[in-house]
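S.K.: What follows is a structure written as structure tokens; I'll ask about it next.
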Amino acid sequence: MKVSVDKILSLSESDGVDELQKHLSLLSDDQVSEYQTVFVMLGSPVSVSHGANRRLLVYKHCIPLCESGDLQTEVASDIIGLLMLETHSLPGHALATLASLYVDAIKVGEMNSGRSLELFPTILTALAATEALAYGKGKLLFVKPKLFFTHFCLEHEENCIFCVRDVPLSAEELQFLIEKILRMFLKLDLQEIPPLVYQLLLLSAKGCKKLVLEGIISYFKKQDQLQKEEQRKGDEDVEVQTIPQDQLRHVEGTVILHIVFAIRLDHELGREFFKNLKMAHSDPLCPFSIALLLSVARIQRYEEQVFEFLKGAVTKNFKDDQIQHSSKFLQELLPQCNSISDMILDTVKNSVFGWDHVTQGLVQLGFILMDSFGPKAGAFGKVTEGTSSTAKTPNQLACRLGGQVLLESFKMHEPIRGEILEQVLNRLVTKTASPVTHFIDLLSSIVMSAPMILLESSSKVTETFDQLSYLPLSTVQGLLKAVQPLLKVSMSMKDALILVLRKAMFSSNLDGRKSAVAGFLLLLKNFRILGSLASSQASQAITSSQVQADVHSRYNTAANEAFCLEILSSLRRCLNQQADVRLMLYEGFHDVLRRNSQLASSIMQTLLSQLKRYFEPERDLLPPLKLESCISAHGDQVFIQEPLAHLLCCTVHCLLWNQNIQSGGNVSDDEDGEDEEGGVQSELHAILESITKRMIKSELEDFELDKCAEFSTSSSVGVKNSIYAVLVMGLNEVLMEYNFITANYNSKNHFEDVLELFKRYHKVSEILKERAGKGRPMSSKTSRSLLSLGFISTLLTALFRDSTQSREESLSVLRSSGDLLRYSVSVALQKIQQLEETGHTDGPEGQSPDKTFRHLCDITSVLMWRYTNVPSTVEDAGKKEKGQSVSLLCLEGLLRVFTTVLLRYPTRMSNFLSSLGGPRNTARALMNQLSGGEEEFNSKEAQLLVSILSVLSRHLNPSSQQVDLQNTHIFSLSEDISLTKGLLSLLFNLHVLYKSPVSLLWEMCQDIHSQLGDIDQDVEVEKQSHFAIISMKTAASTTLLVLSQVGKVLDEVDWLIAKKKGQISSDRTISGNTQQPLGQQDPIEKAVTIQLGTLLTALHELVQTALPTGPCTDTLMRELSRTYSILTTLTKYVKLSGSHLTPQCYSFITYVQAKVLRETKAIPNLIFNIEQYEKFLILLSKKSKVNLMQYMKQSTSRDFRINAATLEAALQEQEQQQDQSQHRKAACL
């Protein structure tokens, strides 16, 4: 052996190779396999067969040797590199042999290390370049990658992909290869997925980009679903988890980075990604795909596209969910929509596992949603939308989702906290023309969740304080309320705020001064002094972090007391400013007193001093108050300077609250302070009693008011008198509340005083109604009542429902006045309306949602009892003539309350109805009133009842008999048109609670046809009477309601078709098969069939009906046009449409044209849609070889030729009208 090696070496070093070739030709195959060195290649030219065979032997020996692992990695790589260089020189049969060698080795699993697999793509490439090859039994051989990848082992999948990356593949082969790799994902460990995804993305450069992206997203979507199911099954059982959550999230993050990097390099991959998302209608998103989108948004060219897509996806999801929840038919047919809000919030939670590339996109998405879908300013800057907690519409839900994303991102990611806070504060400062309540809610949530964290960014908050005097008052109040927990733990922030507020107190801008008052009042409420009552009185929630901050703060009660007294000293300066500033102070003092009771003495002393400025101490002097001091004049302009009624109202409420607290045993330990405070209270009581007695004795002339006084707003005298009148009315109201409460049902004299005060209030009110605007009656907008909501609740209960025997005599004094009864209900209506519009009411406890809700429940209970237990016929007819009856006012109040609770307290609706006895009992009581059969039953009263029942219907159990009861009674009620509309709307609302209304529509269309007759006067229509409420008088209005419901049904069908199309598209993408098994009909198709079939039958009735021209005919043709548009996509309903609907449509068109000479736009639109429908039928007939047109009758000539007979009749009618007109003119002459 040694001699042979030396001989070969010496020959290889010589100049020629002839001797080496000669020597190698004498060696056997076994000997050649031993000498796998370079000289073997040199001495084995491929031009001769034995040289090519020797080279093949070298390949056969080197490949297993490299796979064996006996060689060092560097040596094996060098050998493979040498073999790769010589591969292209091999003849075709040698290449085919090597390819077969690889395939066989892979089949039996002999590829141990995978080192030699780098050679395989070179062999395949060289083999693909061979034009023709005879191999084996003379057959052409080409090594198919399909065969290779059907058997490759899992240990070398990455190397195997690398092998064929440079191999030319057909589209079919590439698809097979990628599908095989994607199926293997489930068999691999998680850690092996990222490198495999990387190789797949490189391979996608050849094609099948959509398949690669779909496969990757689908895999991680399934993994997320498995993870959720495992968490549901056992959160604490670690053994249940097959995949650790943190490992899965880190792998997802790595894969996302790979995909984003690939999209940066291959924009075609990015376009395919977005195209795929937009086409997948049924279920396009999951937490992984959302995270991928947000990461792709970091690429500038895709940023706008990503967020526009996400905005559209969010709103579409909310709209779909709203559509589905509004129809029982859709709820039973389809599963609940996947919540995109849950997916996005899951993405936020997942991003905590090191997804830094996602967090910036989350912040952008949150602000984009809040900016795009936040509340908008209505007329006169009025915000009509509720708070985020009461979000209902898709836009409101999208805005709330944006806030949730930002809040959760703030909690989880420290690096972006500063940016989120800065952007929120910037929007509060810059968006002065639009509502910012949603950003204030977000800021409040951030502060409540992490007040200590925000201290790190306290400088940003203090910078915002500098802009307070330039911001709208509502923004200032919301901002200060949101950051108030920070003021307790940051002395620098509190000092900065106080400095800003002191400057604002002397601002030239009125809103700036009002902002200063609002800020100081807020500080007084929240910096409590030792001995003050528990904060439960204030109904303020506080988190554990805030409590901890309070405990460790540097403030003590002594410092708080000095701080509060200093603020009160600053606020006293407001008592010399404009009326609006004083008004804010008066409205805020009571809340300060409730939350910081130790300030009672200072506040009561301040109010006493201010009241004395306008009080006449002389007991016999009338009137008891100096009204002339309450107004001021600037040139010809007269305006109020002191809101005296509000001052008195604040004084009364503070006095009564403080007295109530002291009587309950909550008194101060400071005896000197208690004596001083008691003296103030006694003096105030004496002043109020004196004012009461003298106000009763005073006549209108004492206030320069009488029936001859001028109240015109165009003159200074009229303005002054109007101010006086409003002040007098307000003073009387405040004194009524004071005397009623102090009487405590024990003093008949006090109740007589209350009645006398009301009579004086009522007299001024009547004069204003008669005289305002130069004799014209005053508009419905009256001055806001100063009675508190709590007192109104108490007063209504006393007037209508209090049956305590000991109070009977006293209350009989008040109950004797019908005007007082109507007034009390009217004020309740006013307060409820204010609550609906603003979310709060004037007076004590008006800012507390809990107490306001409790008062609402009490008021509603009283109004309900009064209306259902005291018939309106019992009321005095003479009193009815002066205004609305008490019963009708109670009913208006009930409707207003139900609407307000739905808007402001949607989550408490069940509690509200429970306080009335439950929804069924409430509905039954009102239904009994509606169907009571009284002869004098008021149509307006019935409409109000129907409106209330419509609200209640949303909270009734569809399976309960209460629904059936209402359906039974509805059909036999009044023929009043307005009432009919309300009743039928209620009927439809009830019907959709448990099934589709198409059968109901069909029956109504039959009744309408029966009442109005046929378009062909010679045809006698069979009399139908499914609903007694449909008559000749109500048929036209009923038609419009029916067509409105037809439109809703068509909307549902259209939505279902779109859903079905998306599902088919998605199924085709995943499985490639969209064929329905024989004998089975898709449930959605079946539902659409039933809906459209019944609807076509209903429309068949209407198009034959002699409808009055105008809105009825126009609306019908519009809905017919929509119907044909939908039928164009669903040609399987040919027979029914062809035999029933289309022929009658042409007759109906002729009928409308004959009735209306002007050409309506709806007619050509309808004809166009019918022709489009027929066009698609013809095309489908040709493709399916089925004559679908056999069901369609030949179309009427529609070239719009002049109908001579119709024209002649119309001209004759016109001439007759002209002749009659001329005769009338002649007669007049």
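Since every read-out is calculated from the coordinates, none of them should be taken as a lab result. It should be emphasised that the depicted structure is a prediction, and the values quoted were computed from it without experimental measurement. Methodologically, a virtual Cβ is constructed for each residue, glycine included, from the backbone with ideal geometry; neighbour enumeration extends over all protein chains shown.
S.K.: Sorting check: for 626-635, 356-365, which peptide has the highest mean count of neighbouring beta carbons within 10 Å, and how do the rest follow?
M.R.: 356-365, 626-635
S.K.: If I stretch the segment between HIS840 and SER682 completely, what's the gain in nm (0.36 nm per residue apart, minus their alpha carbon distance), one decimal?
M.R.: Extra length from HIS840 to SER682 when fully extended: 53.7 nm.
S.K.: Report the local net charge at LEU811: Lys and Arg +1, Asp and Glu -1, summed over other residues whose C-beta lies under 13 Å from its C-beta.
M.R.: Numbers: positive: LYS748, ARG801, ARG807, ARG815; negative: GLU752, ASP802, GLU808, GLU809.
So the environment of LEU811 carries a net charge of 0.
S.K.: Right, next: Amide H of LEU625: which non-local residues (sequence gap of 5 or more, or other chain) have their own amide H closer than 5 Å, using H built in the peptide plane?
M.R.: So LEU625 has HN proximity to GLU616.
S.K.: Now for a separate question. Please give, to one decimal in nm, the separation of the simple spin-label points placed at LYS411 and SER714, each 7 Å out from Cα toward the Cβ.
M.R.: Output for this residue pair reads 6.3 nm.
S.K.: For the pair ARG815 and GLU699, what calculated FRET efficiency results from E = 1/(1 + (r/R0)^6), where r is the Cβ-Cβ distance and R0 = 35 Å, to the nearest 0.05?
M.R.: 0.85
S.K.: Relative contact order for region 426-536 using alpha-carbon pairs under 8 Å, separation at least 6, rounded to a whole percent?
M.R.: It comes to 28 percent, rounded to a whole number.
S.K.: Suppose R0 equals 41 Å; then what is the FRET efficiency for SER457 and ASN509 from their Cβ-Cβ distance, rounded to the nearest 0.05? All intermediate terms of the calculation are to be shown ahead of the outcome.
M.R.: Details: r = 28 Å, r/R0 = 0.69.
Working from the Cβ atoms, E equals 0.90.
S.K.: Per the Kirkwood treatment, what hydrodynamic radius in Å, one decimal, follows for region 278-350 from the mean inverse distance over all distinct Cα pairs? Write out the running numbers ahead of the final one.
M.R.: Numbers: mean 1/r = 0.0750 Å⁻¹.
Hydrodynamic radius (Kirkwood, Cα pairs) of region 278-350 is 13.3 Å.
S.K.: Considering the Cα positions of region 453-522, please state its Rg to one decimal place and its Dmax as a whole number of Å.
M.R.: Here Rg and the maximum Cα pair distance are 11.2, 36 Å.
S.K.: OK, next. What relative contact order, as a whole-number percentage, does region 417-476 give when Cα pairs under 8 Å and 6 or more residues apart are counted? Write out the running numbers ahead of the final one.
M.R.: On the way: 25 pairs, mean separation 28.1, N = 60.
The value is 47 percent.
S.K.: Give the peptides 906-912, 1029-1035 in descending order of average Cβ contacts within 10 Å, highest first.
M.R.: Ranked from most to least packed, the peptides come out as 1029-1035, 906-912.
S.K.: Calculated FRET efficiency, GLN1214 and THR1150, Cβ-Cβ r, R0 25 Å, to nearest 0.05?
M.R.: About 0.80, to the nearest 0.05.
S.K.: Bin width 10 Å, alpha-carbon pairs only: give the P(r) of region 554-654 as whole percents, running from 0 to the bin holding the largest distance.
M.R.: With 10 Å bins starting at 0, P(r) equals 13, 42, 29, 12, 3, 0.
S.K.: Work out from phi, with θ = phi - 60° and the Karplus expression 6.51 cos²θ - 1.76 cosθ + 1.60, the ³J(HN,Hα) of each residue of region 244-252, listed in order in whole Hz, and give x for Gly and Pro.
M.R.: So the J values, rounded to whole Hz, are x, 4, 5, 5, 4, 5, 5, 5, 4.
S.K.: Excluding THR462 itself, what net charge comes from residues whose Cβ is under 11 Å from its Cβ, given Lys and Arg +1 and Asp and Glu -1?
M.R.: Around THR462, the surrounding residues sum to -1.
S.K.: Could I ask something else about it? Does region 391-478 come out rounded, prolate or oblate by the C-alpha gyration tensor, with a ≥ b ≥ c the root eigenvalues, rounded set by a/c under 1.5 and, if not, prolate when a/b is larger than b/c and oblate if not?
M.R.: Judged from the Cα gyration tensor, region 391-478 comes out oblate (a/c at least 1.5, b/c at or above a/b).
S.K.: Let me ask something additional. Could I get the Rg over Rh figure for region 319-363? Both from C-alpha atoms, Rh via Kirkwood, rounded to two places.
M.R.: Rounded to two decimals, Rg/Rh equals 1.24.
S.K.: Now a separate question. Applying a 10 Å radius around every beta-carbon, put 637-646, 564-573 in order of their mean neighbour count, most first.
M.R.: Per-residue Cβ counts within 10 Å, averaged per peptide and sorted highest first, yield 637-646, 564-573.
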